[in-house]
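To keep things clear, I will list the structure first and then write my remarks on it.
The values are calculated or read from the model by the stated rules, or taken from the named source; none is laboratory data. Predicted model, so just to flag it, every value in this text is computed and none were measured. Every residue, glycine as well, gets a Cβ built from its backbone with ideal geometry; the counts of neighbours run over all protein chains shown. With ligands, DNA and RNA removed, areas are computed over all heavy atoms of the protein, side chains included. Shrake-Rupley method; radii C 1.70, N 1.55, O 1.52, S 1.80 Å.
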Amino acid sequence: MSDYDLIIKSRSLEGEPITLAVVDGVIEAIGPNVSGTGREEIDASEMWLYPGWIDAHVHFNEPGRTEWEGIASGSRALAAGGGTTFIDMPLNSSPPVVTAKALREKRRIGEEKSCLDFALWGGLVPASLEEINAMADGGAVGFKAFMCPSGLDEFPASDPETLRRGMQLAAARRLPVAVHAEIEPKTPPNGFDMTAWLESRPIKAELEAIRIALDLAGETGCPLHIVHISNPEGIDLVTEAKKAGIDVTTETCPHYLLLNTDDAVAIGTFAKCAPPLRDKETVEGLRERVRTGNVDTIGSDHSPASPELKQGENLLACWGGIAGIQDGLALLMDEKLAEPDLLSSNVASRFRLPKKGGLQRGNDADFILVKEDPHVIDTNETLTRHPHSPFTGRQVRHRVAATYLRGEKVSEKTRGQFLQPPQN
């Protein structure tokens with residue numbers, strides 16, 4: 001009789017031999033000297049063993065805008081890119097997840113269609129304050145708010161008073177509020193091209209919003225999570241706030257670490273996002289904050305749209321959002337920016353995801369095998385609903401060879417589970 005269901009012999013990130021043993025979908029043993037036999041044994045000694053990416057920032061849009069991206073296609077693409085768990089944002093679903101009823105419906109669709117484990121954000125908008133507790137009861141991991149217009153009338157911005165009240169309600173449930181931290185531009189863009197877009201959303205607008213959010217978090221005691229920070233100054237503001245005792249974490253995204261304003265101008269609409277891409281010096285500063293451990297998490301902010309919404313001479317009218325969920329992690333590995341804590345354990349800890357967050361005994365056996373396989377990113381291999389990506393044509397050295405969820409290789413037959421934080 002075998003000691004384990006599965007044994008994987010691989011390499012650690014440092015290149016040393018490592019063995020992972022799984023029983024009933026859970027890590028039973030991990031280390032260089034694990035002994036015993038497995039019902040299934042895999043020799044991956046030429047590959048690296050990574051924890052699965054927990055992507056806390058995706059827009060899979062279902063229900064309502066499935067033609068942009070759906071849970072089935074989005075989760076498959078994330079699995080191919082190294083993800084094992086995702087947390088779906090309350091927009092761009094239609095209706096957005098701003099009620100307990102909408103949360104239940106999205107959960108139902110996710111349990112039917114997702115090949116990965118998943119959790120759900122609730123939405124914090126002026127009209128959803130009375131639904132905060134009901135969404136918390138339904139398993140929301142936290143509440144997402146925009147401090148500027150989201151681009152969708154059905155998901156309006158939260159002014160400081162709405163944010164304050166929402167934070168008070170979330171704090172009572174020990175749940176975080178995540179903010180898109182930008183102040184609405186005070187002057188219209190000077191033109192209709194990418195340069196005009198970049199200039200219309202300066203770093204100072206991001207920093208002003210971060211300061212407001214930090215003040216409200218300090219006042220209410222609410223856990224705060226600032227998503228897609230695009231610049232090192234924003235990370236520094238949070239670092240100082242942490243020293244002052246504010247419960248706050250940060251996220252940045254692969255595109256802010258891999259692309260700059262020159263790329264944005266060259267690529268065009270497929271590189272339009274908010275906050276926008278920043279110049280080379282800013283990108284290097286943000287990379288340095290990752291290297292020094294001052295960034296907490298990395299999320300994809302996968303925000304796709306159908307091709308017709310990404311085309312046109314007026315870039316300002318085109319839908320913004322980066323669609324790079326399948327390639328971002330491998331590109332970060334090339335740049336030595338794919339720290340496991342940022343991708344897994346910090347995410348699971350912040351959002352209190354049970355049995356997730358790193359390769360350790362007792363956790364779900366969620367892991368990926370990575371091999372060195374130089375190739376060019378090709379849309380023919382893209383599993384998202386639409387193949388466009390700002391990373392198309394880039395050289396990449398690494399490839400995710402296999403993704404395992406609870407000890408099983410992810411396939412078309414895999415079904416994910418809904419995750420929720422403890423209710424106490």
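What is the residue count in the stretch 1-59 for residues that are of a type in the set (Asp, Glu) and either within 25 Å of Cys115 (Cα to Cα) or buried (at least 17 other Cβ atoms within 10 Å of the Cβ) (or both)? Before you say what the answer is, go through the steps one by one.
Residues of the stretch 1-59 of a type in the set (Asp, Glu): 3, 5, 14, 16, 24, 28, 40-41, 43, 46, 55.
When the remaining residues are screened for being either within 25 Å of Cys115 (Cα to Cα) or buried (at least 17 other Cβ atoms within 10 Å of the Cβ) (or both), the result is 5, 24, 28, 40-41, 43, 55.
The number of residues fulfilling the criteria is 7.
So that you can scan it fast, the table gives a plain yes or no per residue for (1) over 27 Å from Ser349 (Cβ atoms); (2) in contact with a His (Cβ under 9 Å, 6 or more places away or on another chain); (3) assigned to a loop (DSSP other than H, G, I, E, B):
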| site | (1), (2), (3) |
| --- | --- |
| Tyr50 | no, no, no |
| Glu62 | yes, no, yes |
| Glu69 | yes, yes, yes |
| Ser75 | no, no, no |
| Thr84 | no, no, no |
| Ile87 | no, yes, no |
| Leu91 | no, yes, yes |
| Pro95 | yes, no, yes |
| Arg107 | no, no, no |
Original post:
Do any residues in the stretch 89-105 that are crowded, with 24+ Cβ neighbours inside 10 Å have Cβ atoms under 6 Å from those of residues that are modelled with pLDDT under 95 and among the polar types (S, T, N, Q), where the two are at least six apart or on different chains, and which pairs are they?
Top reply: Asn92/Asn61; Ser93/Asn61
Original post:
So Glu313 fits all but one of (1) among the charged types (D, E, K, R); (2) at pLDDT below 95; (3) touching a His at 6+ places or on another chain (Cβ under 8 Å); what number is the exception?
Top reply: (3)
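Based on what the data block shows, is Arg385 farther than 30 Å from Val26 by Cβ and outside any helix (DSSP H, G or I)? Lay out the reasoning, then the answer.
Values: farther than 30 Å from Val26 by Cβ: yes; outside any helix (DSSP H, G or I): yes.
So Arg385 fits the description; yes.
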Subject >> Top-ranked residue in the stretch 351-379 [being under 17 Å from Asp117 (Cα atoms), among the basic types (Lys, Arg) and open to solvent by 40 Å² or more (accessible area, probe 1.4 Å); ranked as farthest from the chain's Cα centre (by Cα)] >> reply: Lys355
**OP:** For Leu332, indicate whether it is over 19 Å from Ile8 (Cβ atoms) and crowded, with 20+ Cβ neighbours inside 10 Å.
**Re:** yes
Original post:
Does Gly293 count as surrounded by fewer than 24 Cβ atoms within 10 Å (Cβ to Cβ), touching a Cys at 6+ places or on another chain (Cβ under 7 Å) and outside any strand (DSSP E or B)?
Top reply: no
Original post:
Does Glu112 satisfy the condition of being open to solvent by 40 Å² or more (accessible area, probe 1.4 Å), closer than 21 Å to Pro304 by Cβ and of a type in the set (D, E, K, R)?
Top reply: yes
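Looking at the structure I just gave you, is Pro232 without any contact (Cβ under 8 Å) to a residue 60 or more places away in the chain, open to solvent by less than 20 Å² (accessible area, probe 1.4 Å) and within 23 Å of Glu339 (Cβ to Cβ)?
Yes, satisfied.
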Original post:
Of the residues that make up the stretch 125-139, is at least one out of contact with any Gly (no Cβ under 6 Å at 6 or more places or on another chain), under 27 Å from Asn294 (Cα atoms) and surrounded by 16 or more Cβ atoms within 10 Å (Cβ to Cβ)?
Top reply: no
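Could you grab me the full set of residues in the stretch 314-329 that are within 26 Å of Leu224 (Cα to Cα) and either crowded, with 22+ Cβ neighbours inside 10 Å or touching a strand residue (DSSP E or B) at 6+ places or on another chain (Cβ under 9 Å) (or both)? Quick ask: steps written out before the conclusion?
First, the residues of the stretch 314-329 that are within 26 Å of Leu224 (Cα to Cα): 320-325, 328-329.
Correct list: Gly321, Ile322, Ala323, Gly324, Ile325, Gly328, Leu329.
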Subject >> the stretch 142-169, residues that are open to solvent by less than 20 Å² (accessible area, probe 1.4 Å), more than 13 Å from Glu219 (Cα to Cα) and in contact with a helix residue (DSSP H, G or I) (Cβ under 8 Å, 6 or more places away or on another chain) >> reply: Gly142, Phe143, Ala145, Cys148, Ser158, Thr162
Original post:
How many of the residues in the stretch 347-399 are touching a strand residue (DSSP E or B) at 6+ places or on another chain (Cβ under 8 Å), over 18 Å from Ala56 (Cα atoms) and among the β-branched types (Val, Ile, Thr)?
Top reply: 4
Original post:
Taking the stretch 181-205 as the region of interest, how many residues are within 19 Å of Glu233 (Cβ to Cβ), outside any loop (DSSP other than H, G, I, E, B) and either at pLDDT below 90 or open to solvent by 20 Å² or more (accessible area, probe 1.4 Å) (or both)?
Top reply: 4
Original post:
Can you name every residue in the stretch 80-97 that is within 13 Å of the chain's Cα centre (by Cα) and over 14 Å from Val125 (Cβ atoms)?
Top reply: Gly81, Gly82, Gly83, Thr84, Thr85, Phe86, Ile87, Asp88
Original post:
Out of (1) open to solvent by 20 Å² or more (accessible area, probe 1.4 Å); (2) within 17 Å of Arg201 (Cβ to Cβ); (3) free of Cβ contacts under 8 Å to residues at least 40 places away in the same chain, the odd one out for Thr269 is which?
Top reply: (3)
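Taking the conditions exactly as written (out of contact with any helix residue (DSSP H, G or I) (no Cβ under 7 Å at 6 or more places or on another chain), open to solvent by less than 40 Å² (accessible area, probe 1.4 Å), under 25 Å from His228 (Cα atoms) and in a helix (DSSP H, G or I)), does Leu343 satisfy them or not?
So Leu343 passes the test.
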Original post:
Would a scan of the stretch 280-288 turn up a residue that is at pLDDT below 95, open to solvent by less than 10 Å² (accessible area, probe 1.4 Å) and not in a loop (DSSP other than H, G, I, E, B)?
Top reply: no
**OP:** Determine whether the stretch 126-142 contains at least one residue that is within 21 Å of Ser93 (Cβ to Cβ), touching an Asp or Glu at 6+ places or on another chain (Cβ under 8 Å) and either in a loop (DSSP other than H, G, I, E, B) or at pLDDT 95 or above (or both).
**Re:** yes
